[in-house]
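The values are calculated or read from the model by the stated rules, or taken from the named source; none is laboratory data. Quick caveat, the model's predicted, so the values are computed rather than measured. Note: ideal-geometry Cβ built from the backbone for every residue, glycine included; neighbour counts use all protein chains shown. Remember, those area values only see protein heavy atoms, side chains included, never the ligands or the DNA or RNA. Shrake-Rupley method; radii C 1.70, N 1.55, O 1.52, S 1.80 Å.
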Amino acid sequence: MEYPLNVETPKSFSYVKRNIPTVTVEQRERALRSTHYNEFAFPAGMLTVDMLSDSGTTAMTDLQWSAMFLGDESYGRNKGYYVLLDALRDVFERGDQQKRVIDLVRTGCEDVEKMMDKMYLCEYEGGLFNGGAAQMERPNTFLVPQGRCAESLLFSVIGKILNNRYPGKNFTIPSNGHFDTTEGNIKQMGSTPRNLYNKELLWEVPAGGKYKKNPFKGNMDTEKLENLIRQVGPENVPLVYTTITNNTVCGHPVSMANVRECSKIAHKYNIPYMFDAARWAENCYFIKTNEEGYADKSIFEIAKELFSYCDGFTASLKKDGHANMGGVLAFRDKGYFWRNFSDFDAKGNVTTDVGILLKVKQISSYGNDSYGGMSGRDIMALACGLYECGRFDYLHERVSQCEYLAQGFYKAGIPVVLPAGGHGVYINMDRFFDGKRGHETFAGEGFSLELIRRYGIRVSELGDYSMEYDLKTPEQQAEVCNVVRFAINRSQLSQEHLDYVIAAVADLYKDRESIPNMRITMGHNLPMRHFHAFLEPYAPIRK
């Protein structure tokens, strides 16, 4: 017998507390001036609520903290290396049929034969994570400290391959929405990133502020994708990317049907289909709760199908690895990516394996392939965290927090993008300022800095300033979403934090005409300029 209540049942509790200091407006103003109005340089210890990013800001679980004590800091083939690679197989390839070899380490197994048979000497090939001798002969999984390292590794190596084959040629890499670091790495390899999504659907506001079912606003516009491939020529599109969830397009999810269609289109033209999979679990949650045919499937079973459609992926596992450090690049053994970027002789024998080239770059940039720039403690915490991210209760609580914040903004009349995504809430800056601020004003960045100055709340401008509207072609400019993101840290914030943010933004919205514009004083053309450019405020011109 059940005794239901009209409130949610608690699913966790906190046992570590960090106090927030009292900081005055004058102190924050001084810090802003001293850091050249760069929000990334503002001291975190002076903030009340930090919503700049959900990357690596997770409050880890007790199981993760305990796993850190089992970290093996050996330079070559530490225990965590085997544990993490098998955790990746569990999470992305095995569905509900998981092996969880991490438990051998957690229980202190001393049976050497068992450890050899179950963990150390297991051979795997044909998937995204080769094992044993196959990982040495055809490396296809590369551990790195975070997602942008995986992107840098990928694009620096394939950029060199393409430039050697076709000197000076420009390539186009389409996506449903490249995030800032992905765009930056693509530009640095001399190629053109494109973002293909339905902007009209994105800005749509449902009646009453809620949809009956999530409309998957993060989907790739597949008609635009195929038209672009035909327009520039398949030979000029080395990769097709899908970001799950779509961070650039306000954190919205991508449906399984859309992923399936994108994969079909890419393969039709012999193009590898890649994921930016930083928020894979949140995307699987939305598929489970909104897409027909998936309600009775587990998050891991959905992930298994999802990743079966891709040829490789990069991921910051500081997001849906529920960890503070970690990233990965992986590609399918002998799949489209391997075939397209490796070299073969006339008889079909491999002369240059792209995996070997990636491994050389990995070792020279991040260290031995067994740790990829991470400590053994971080590796164990990450392996444990991957399983946490597949828990439905955890994901439901997380997505519900995002929707609570979004609905709070909506009820206050703030032009919030609805529904909320899985990791944050976004405000449409063009509508926030009633269409009175031009692209050159960087008013969204002014909003972000004013939130810091007045209330000690740090968010992330992901619009005209960060996405470099003024440096793009007209086609690319039309693909920019002029938004500010309120990222929600995993397992960290309470409703008290969210209510404070709602009240602050509602108050600032009433006084939005006083928010300053911003101009760049240094670093206008620097790659990923928002991380290091200098700014200064100036008063908006009254219209």
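All C-alpha to C-alpha distances of the chain, sorted into 10 Å bins beginning at zero, yield P(r) values of 4, 18, 29, 27, 16, 5, 1, 0 percent in whole numbers. Checking the table K169/K436; K199/K510; K114/K361 against a 29 Å threshold on Cα-Cα, which pairs fail? Where the Cα-Cα span goes over 29 Å, the pairs concerned are K169/K436; K114/K361. For G327, the residues 5 or more places off, or on other chains, whose built amide H falls under 5 Å of its own are V144, Q146, L317. Holding the Cα-Cα limit at 25 Å, pick out from K359/K472; K11/K288; K79/K288 the pairs that are longer than that. Where the Cα-Cα span goes over 25 Å, the pairs concerned are K359/K472; K79/K288. Where both bridge residues fall in the chain, DSSP classifies roughly 65% of the beta bridges as antiparallel.
I'd like the carbon and sulfur percentage of the solvent accessible area for the chain, probe radius 1.4 Å, heavy atoms only, ligands and nucleic acids excluded. With neighbouring chains kept in place, the figure for the chain is 52 percent. Taking Cα atoms only, the orientation of helix 376-388 departs from the longest principal axis of the chain by about 80 degrees.
With an a/c value of 1.5 or above and a/b not larger than b/c for the gyration tensor axes a ≥ b ≥ c computed over the alpha-carbon atoms, the stretch 198-324 is described as oblate. Note on the stretch 330-374: the C-alpha convex hull projects to 3.5 nm² when averaged across all orientations. In the context of the full set of protein chains, residues of the chain present 42 Å² of accessible surface per residue (probe radius 1.4 Å, heavy atoms only).
Between H252 and N246, the built amide H atoms are under 5 Å apart, and every one of these is 5 or more places off in sequence or on another chain. Summary of the geometry: the stretch 329-378 and the stretch 449-501, compared by the centres of their Cα atoms, lie 35 Å apart. Report note on the peptides 163-169, 10-16, 129-135: ranked by the mean count of other C-beta atoms within 10 Å, highest first, their order is 129-135, 163-169, 10-16.
Sequence-ordered 3J(HN,Hα) estimates for the stretch 274-285 from the Karplus curve with 6.51, -1.76 and 1.60 and θ = phi - 60° stand at 10, 10, 9, 9, 4, 10, 4, 6, 4, 5, 5, 4 Hz, glycine and proline given as x. The stretch 72-113 and the stretch 233-297 have Cα centres separated by 28 Å. For the peptides 290-301, 142-153, 397-408, 488-499, the ranking by mean Cβ contacts within 10 Å, running from highest to lowest, is 142-153, 397-408, 488-499, 290-301.
Only DSSP H runs of four or more residues enter the estimate; each adds -39500 (n - 2.57), and after division by the residues of the chain the mean residue ellipticity at 222 nm equals -11500 deg cm²/dmol.
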